[in-house]
Amino acid sequence: MTNTKANLERLFVDIKKRELFNGTVLVAKKGEILYEGAFGDADLSTNRPLTSRSVFNLASVSKPITATAILLLVQEDKLSLDDPVQKWIPNLPYEGITIRHLLNHTSGLPDYLDLFEMYWDKAKIADNDDLLRYLIKYKPERLFAPNERVEYSNTGYILLAIIVERVTDMDFADFLQENIFKLLNMIHTQAIGVRKENIEIADYAYGYVYDVYAGEYVLADDFEESKMVTYLDGMLGDGGVQSTVRDLYLYERALSTGNLINDELLKEAYTPAVTETETPFKYGFGWILEDDKEKGQIIWHSGGWPGYATSLRRFIDRDIVVIALRNKEQDFDFEQQVLHAIEQAAFDEPYELAEEKPPLERAQVIPVDVLKRLVGDYALTEHPDLIIHVLLENNRLFIKMPGSMKLELHAKSEKKFFLRGLSIDVDFTAEDGKVLVKIIDGNEVQTAERQ
């Protein structure tokens with residue numbers, strides 16, 4: 001354990017010296033915290049530094065907490081995993097969906113981000129009740145029948161929060177506070193829309209994105225592509241929990257020691273959904289599930305929201321926990337290298353760090369008439385039934401991949417684009433009279449032809 005601690009210390013001295021990560025990290029093994037530290041700024045306008053107690057928006061790392069709330073109610077026989085959702089939300093216009101389907105992303109419900117971008121008054125801040133109202137009013141088409149496959153759905157987790165409220169007659173945030181956060185002494189944690197409630201949180205880590213046109217970091221609220229952080233700030237369940245690395249560790253310990261959820265329910269929570277078609281990833285109740293030959297069972301979740309990237313990784317067989325919260329956007333692939341190095345050090349394995357942090361890309365402004373020529377529907381070569389949509393809205397070019405939210409394309413040139421922060425290039429070419437789009441993610445290339 002002493003060697004592990006020393007290895008981690010050396011790694012984090014290097015990370016801090018070279019400014020490779022802006023955030024907080026906690027690493028623990030067998031109930032002992034081996035490292036807890038902070039790197040970089042919490043507030044760029046005042047140069048206030050992060051501390052190990054800085055509070056971050058957890059983004060989708062909130063989902064395990066929402067799932068835990070449901071499991072607590074199951075444990076108390078207040079609801080069943082196989083209850084129809086319509087038992088608790090009778091006016092939901094989708095039949096055949098159970099609480100289990102919501103938990104493991106097999107409901108087939110479409111994600112709500114596009115729905116609110118299309119219809120919502122952006123001068124207002126939406127909340128969970130607004131989502132339910134919009135599902136009833138617009139009834140966006142479901143993506144597939146329940147349990148056909150796994151497809152990540154933020155919508156499902158907001159419905160879980162609503163169900164908690166219907167079952168308990170408590171606000172979702174209050175239920176979490178009384179039954180999880182207060183119980184576990186998570187004193188720096190709450191579920192709240194910071195903008196919606198117009199509150200200030202002590203030692204708060206503000207989320208910064210990189211403005212690819214100005215070439216500088218700005219608050220996510222101030223960049224056109226990420227302004228949904230304001231008008232969707234009232235949503236809870238899929239995200240919205242504000243917390244620290246230490247509080248997340250208290251939560252993880254309560255789960256791992258069986259002090260919160262009983263072993264039988266935890267076993268079910270850590271069992272992947274069995275669906276009609278093969279799934280791209282294994283998901284239980286609020287957790288992504290992996291089995292690694294060397295490291296054993298990994299139960300984890302990550303989160304991403306403009307300005308924030310969060311990760312809670314639990315190596316069950318080795319009783320190792322790695323928690324990382326970031327609040328300043330950087331190259332995705334590079335960030336994954338840093339997180340992998342931390343993980344390797346926690347396992348006393350050799351690790352590598354790149355010589356330097358790659359600069360974030362700048363974008364060019366391309367004439368609108370040039371962008372218009374790229375608009376269209378593109379069928380994937382390997383799966384012609386799957387369509388990539390390229391759209392022009394308010395003179396900005398977007399791409400919508402199957403099963404994904406719409407993302408803005410930023411130009412390197414008139415035919416070469418990139419997705420901000422994701423290390424993915426999108427190139428448009430003409431071959432044999434056909435217009436093609438190529439999605440380039442490292443060594444993986446997907447090609448689609450315009451219809």
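Across region 22-29, computed HN-Hα scalar couplings (Karplus, 6.51 cos²θ - 1.76 cosθ + 1.60, θ = phi - 60°) run 10, x, 10, 9, 9, 10, 9, 9 Hz from first to last residue, x flagging Gly and Pro. Among Glu268, Glu252, a tally of other beta-carbon atoms within 10 Å of each Cβ gives an order, fewest to most, of Glu268, Glu252.
Determine the shape class of region 45-189: with a ≥ b ≥ c the square roots of the Cα gyration tensor eigenvalues, call it rounded for a/c under 1.5, and otherwise prolate if a/b is greater than b/c, oblate otherwise. Oblate shape, in that a/c is at least 1.5 and b/c is the bigger or equal ratio.
Take the Cα of Asp121, step 7 Å toward its Cβ, do the same at Arg396, and the gap between the two points is 2.2 nm.
Each label was represented as a point 7 Å from its Cα along the Cα-to-Cβ direction; for Asn259 and Glu216 these points are 4.7 nm apart. What net charge is computed for the residues neighbouring Arg149, neighbours being all others with C-beta under 13 Å from the C-beta of Arg149, Lys and Arg scored +1, Asp and Glu -1? Taking every other residue near Arg149 into account, the sum is -2. Phi angles of region 178-186 translate, via the Karplus equation with coefficients 6.51, -1.76, 1.60 and θ = phi - 60°, into HN-Hα couplings of 6, 9, 10, 5, 5, 4, 9, 6, 7 Hz per residue; Gly and Pro are given as x.
Extension gain, Ile33-Ala6: 0.36 nm per intervening residue step, less the Cα-Cα distance, totals 8.5 nm. Restriction of the trypsin sites (Lys or Arg not before Pro) in region 171-228 to DSSP coil positions whose beta-carbon has at most 13 other beta-carbons within 10 angstrom yields Lys182. For Lys196, the lysines whose Cα comes closer than 26 Å to its Cα, not counting residues fewer than 8 places off in the same chain, are Lys63, Lys122, Lys124, Lys137, Lys139, Lys182, Lys227, Lys328, Lys406. Computed from phi, the 3J(HN,Hα) profile of region 305-314 under the Karplus parametrisation 6.51, -1.76, 1.60 (θ = phi - 60°) reads 8, x, x, 10, 9, 10, 7, 10, 10, 10 Hz, with x in place of Gly and Pro.
Taking label points 7 Å from Cα along the Cα-to-Cβ direction, His383 and Glu290 give a separation of 2.1 nm. Where both bridge residues fall in the chain, DSSP classifies roughly 95% of the beta bridges as antiparallel.
With R₀ fixed at 60 Å, the C-beta to C-beta distance from Glu444 to Asp169 puts the FRET efficiency at about 0.80.
With neighbour counts taken as other beta-carbon atoms within 10 Å, the residues Leu159, Leu289 rank, fewest first, as Leu289, Leu159. Extension gain, Phe281-Val13: 0.36 nm per intervening residue step, less the Cα-Cα distance, totals 93.0 nm. Under the shape rule built on the C-alpha gyration tensor, where the axes satisfy a ≥ b ≥ c, region 1-77 is oblate, since a/c reaches at least 1.5 while a/b does not exceed b/c. Counting beta carbons within 10 Å around each of Glu197, Glu382 and listing the fewest first gives the order Glu382, Glu197.
Any read-out appearing in this document is the output of simple, stated calculations on the displayed coordinates, not a laboratory observation. Everything numeric in this text was worked out from a predicted model, so none of it was measured. Cβ coordinates were reconstructed from backbone atoms using ideal geometry, including for glycine residues, and neighbour counts include every protein chain displayed.
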